[in-house]
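Notes for the one structure printed next.
The values are calculated or read from the model by the stated rules, or taken from the named source; none is laboratory data. The model shown is predicted, which means the values in this text are computed figures rather than measured ones. Positions of Cβ are backbone-derived with ideal geometry, glycine not excepted, and every protein chain shown enters the neighbour counts.
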Ligand SMILES: [Zn+2]
């Protein structure tokens, strides 16, 4: 059985893999509204495609994706599923603990739900390192793409904006209907400014609330932030390749 996905392997193939390698990637996404023009699974699809391509370059296995994240603010529109932060942390910990029991030692938690899942993933990573004698690193596309995002003229970081939608147009164009997209630029904020690509980023992140997004929806008819109409598949390709390169670098650095 070829491929990079753990769920496509037999136990015997995993045993063989573990004789030579102990690394694994865990893609973590979300199922949440991404505007009327992109699928609810956007974060999950993007985490999976990054993991899959980096795994093909390195021969590293990828665990089955986690399709749900912490998304209470997106409950304003139908289809969104949110799990409590403590459930996400316990779930992730149990996945790591199971895999560690079989001999996996180096884990990459790949966050497709940019920034928003990070606090819970950090807490889980710290706990897993302390209790399970494993190494766990986080890979968040928003933090790992500063140079390329700036050079593509994108930003600030939003939601279903030109960054995510370009990536989707490159990898999953059949799932995006740009004709339905409307831009919703961010307002300048003098204090709490959230964008890893911008030196004004305060790094003191408190996510939007459902009330905030309801107000956006009532004003614009959608609940996104940014300029999806500027998205392009070619820019998405450059962004994707940059991130795959960085993820390959992370995986190589974790080789025992
Ligand atoms: Zn997203």
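Starting from region 228-256, take each residue that is within 12 Å of residue 169 (Cα to Cα) and list its partners that are modelled with pLDDT under 95 and in a helix (DSSP H, G or I), counting only C-beta distances under 6 angstrom and pairs at least six apart or across chains.
Final answer for the pair search is 239/148.
Against the definition (surrounded by 21 or more Cβ atoms within 10 Å (Cβ to Cβ), within 16 Å of the ligand (Cβ to nearest atom) and not in a loop (DSSP other than H, G, I, E, B)), how does residue 75 come out, yes or no?
Values: surrounded by 21 or more Cβ atoms within 10 Å (Cβ to Cβ): no; within 16 Å of the ligand (Cβ to nearest atom): yes; not in a loop (DSSP other than H, G, I, E, B): yes.
Against the criterion (surrounded by 21 or more Cβ atoms within 10 Å (Cβ to Cβ), within 16 Å of the ligand (Cβ to nearest atom) and not in a loop (DSSP other than H, G, I, E, B)), residue 75 does not qualify.
Suppose the filter is surrounded by fewer than 22 Cβ atoms within 10 Å (Cβ to Cβ), under 16 Å from the mean Cα position of the chain (by Cα) and modelled with pLDDT of 95 or more; does residue 86 pass it? Working first, answer last.
Numbers: surrounded by fewer than 22 Cβ atoms within 10 Å (Cβ to Cβ): yes; under 16 Å from the mean Cα position of the chain (by Cα): no; modelled with pLDDT of 95 or more: yes.
When the stated conditions are applied, residue 86 does not pass them.
Which residues, taken from region 136-175, are closer than 20 Å to residue 28 by Cβ, more than 14 Å from the ligand (Cβ to nearest atom) and part of a loop (DSSP other than H, G, I, E, B)?
Listed by number, the list is empty, since nothing qualifies.
State all residues of region 89-103 that are touching a residue at least 60 places away in the same chain (Cβ under 8 Å) and either assigned to a strand (DSSP E or B) or in contact with a helix residue (DSSP H, G or I) (Cβ under 6 Å, 6 or more places away or on another chain) (or both); if no residue qualifies, say none.
Our first condition is that a residue be touching a residue at least 60 places away in the same chain (Cβ under 8 Å); within region 89-103, this holds for 92, 95-96, 99, 102-103.
Hits for region 89-103 are 92, 96, 103.
Give the number of residues within region 217-234 that are within 22 Å of the chain's Cα centre (by Cα) and not in a loop (DSSP other than H, G, I, E, B).
Restricting attention to region 217-234, the residues satisfying the condition of being within 22 Å of the chain's Cα centre (by Cα) are 222-234.
If we keep only those that are not in a loop (DSSP other than H, G, I, E, B) too, we end up with 225-226, 228-230, 233-234.
So the count comes out to 7.
Determine, yes or no, whether residue 167 is more than 17 Å from residue 240 (Cβ to Cβ) and crowded, with 23+ Cβ neighbours inside 10 Å.
Details: more than 17 Å from residue 240 (Cβ to Cβ): no; crowded, with 23+ Cβ neighbours inside 10 Å: yes.
No: the conditions fail for residue 167.
Taking only region 206-216 into account, find how many residues are surrounded by 15 or more Cβ atoms within 10 Å (Cβ to Cβ) and part of a helix (DSSP H, G or I).
4
Please work out which residue is surrounded by the fewest Cβ atoms within 10 Å (Cβ to Cβ), limiting yourself to region 121-130 and to residues that are in contact (Cβ under 8 Å) with a residue 12 or more places away in the chain and away from the ligand (no atom under 16 Å from the Cβ).
As a first pass, look at region 121-130 and keep what is in contact (Cβ under 8 Å) with a residue 12 or more places away in the chain: 121-125, 127-128.
Narrowing further to those that are away from the ligand (no atom under 16 Å from the Cβ): 122-125, 127-128.
Details: 122: 14, 123: 16, 124: 25, 125: 23, 127: 16, 128: 21.
Once the filter is applied, the top-ranked residue is 122.
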